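Remarks on the structure that follows.
The values are calculated or read from the model by the stated rules, or taken from the named source; none is laboratory data. Quick caveat: nothing in here was measured; it's all calculated off a predicted structure. Heads up, the Cβs are rebuilt from the backbone with ideal geometry, glycines too, and the neighbour counts pull from every protein chain shown. Remember, those area values only see protein heavy atoms, side chains included, never the ligands or the DNA or RNA. Shrake-Rupley method; radii C 1.70, N 1.55, O 1.52, S 1.80 Å.
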Amino acid sequence: MGVLEVFHRTALDPDIEWLSFMETLAGQVAIAINNATLYKNLQQSNVELSLAYDATIEGWSRALDLRDRETEGHTLRVTELTKQMAKEVGMGEKELVHIQRGALLHDIGKMGVPDRILLKPDMLTDEEWKIMHKHPIFAYEMLSPIGFLLPALDIPYCHHEKWDGTGYPRKLKGDEIPLVARIFAVVDVWDALTSNRPYRPAWTKEQALEHIQEQSGKHFDPHVVEVFLRLIAKSECSSPQTIR
């Protein structure tokens, strides 16, 4: 690991006590170097593990897009816009990591919904809607055993709750709904409305914004709607390509 070399201006005839002290000093230096090396390696391992986690999550989200082609690209768009919203309300980098993971996995629960329902081109029956409405519960059951994803569960589990308490699966109301889920709810609806679907063409931005404003205090948190509208206005002034 290294050598501790001692220089002295005159001839040196060290006694046992002096040598013992130097050996102890050298040993402490060696321990310090070893600990520093272990810490550096641990940091590197943590970075590599985190990158592997995120690559796996992105793979899952792409698998969902492949299964449901009518929403292809939706996941990456809503993830990016949700992060912009989170920054706008003052959330930090640590929170953004969990927000990104939660947004990428927001529809992971649909893996538990049969294809005959998820891919049905016609309107769903009441019974089929009951099954579809279970997908946030499926998401919770799938992700909650995975420790590192626990802080990211709010979006997959709660993004279909509504401000007035009429959402699902738990009919949470107002501030009972986690803030990140309230943010994501607006972003999710915005992207869905402004995207083409087999059963309808995309709405114009003006139509979508009017709908979101109309649902303020009903579906959406009024404060989150204000932040969203401000972000839209700011983005269109600076870079029309940032927001769809």
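Take Tyr53 and tell me if it is among the aromatic types (Phe, Trp, Tyr), farther than 30 Å from Thr194 by Cβ and at pLDDT below 85. In short, yes.
Looking across Val78, Val113, one residue alone is closer than 30 Å to Glu226 by Cβ and modelled with pLDDT under 95. It is Val78.
With respect to the conditions (1) farther than 30 Å from Tyr168 by Cα; (2) in a helix (DSSP H, G or I); (3) open to solvent by 50 Å² or more (accessible area, probe 1.4 Å), Ala30 lacks only one, and its number is (3).
Set side by side, the residues Ser50, Ser61, Ser45 differ, and just one is loosely packed, with under 14 Cβ neighbours inside 10 Å and within 20 Å of Ser144 (Cα to Cα), which is Ser50. Just the residues that are assigned to a helix (DSSP H, G or I) and surrounded by fewer than 17 Cβ atoms within 10 Å (Cβ to Cβ), please, taken from segment 206-226. Answer for segment 206-226, where residues must be assigned to a helix (DSSP H, G or I) and surrounded by fewer than 17 Cβ atoms within 10 Å (Cβ to Cβ): Glu206, Gln207, Glu210, His211, Gln213, Glu214, Pro222, His223, Glu226. Remark: pairs (first residue in segment 90-105, among the small types (Gly, Ala, Ser); second residue assigned to a helix (DSSP H, G or I) and open to solvent by 60 Å² or more (accessible area, probe 1.4 Å); Cβ separation under 9 Å; 6+ apart in sequence or on different chains) = Gly102/Pro151; Gly102/Asp154; Ala103/Glu80.
Kindly check whether there is at least one residue in segment 49-61 that is in contact (Cβ under 8 Å) with a residue 40 or more places away in the chain, within 30 Å of Ala233 (Cβ to Cβ) and within 11 Å of the chain's Cα centre (by Cα). No: zero hits. Quick check on segment 16-24. Is at least one of its residues free of Cβ contacts under 8 Å to residues at least 60 places away in the same chain and open to solvent by less than 40 Å² (accessible area, probe 1.4 Å)? Yes, some residue in segment 16-24 is free of Cβ contacts under 8 Å to residues at least 60 places away in the same chain and open to solvent by less than 40 Å² (accessible area, probe 1.4 Å). Summed over segment 182-205, the residues that are assigned to a loop (DSSP other than H, G, I, E, B) and either touching a residue at least 24 places away in the same chain (Cβ under 8 Å) or open to solvent by 70 Å² or more (accessible area, probe 1.4 Å) (or both) give a count of 7. Which one is nearest to Lys94 (Cα to Cα) among residues in segment 126-181 that are open to solvent by less than 60 Å² (accessible area, probe 1.4 Å), of a type in the set (Ser, Thr, Tyr) and modelled with pLDDT of 95 or more? The extreme case among them is Tyr157.
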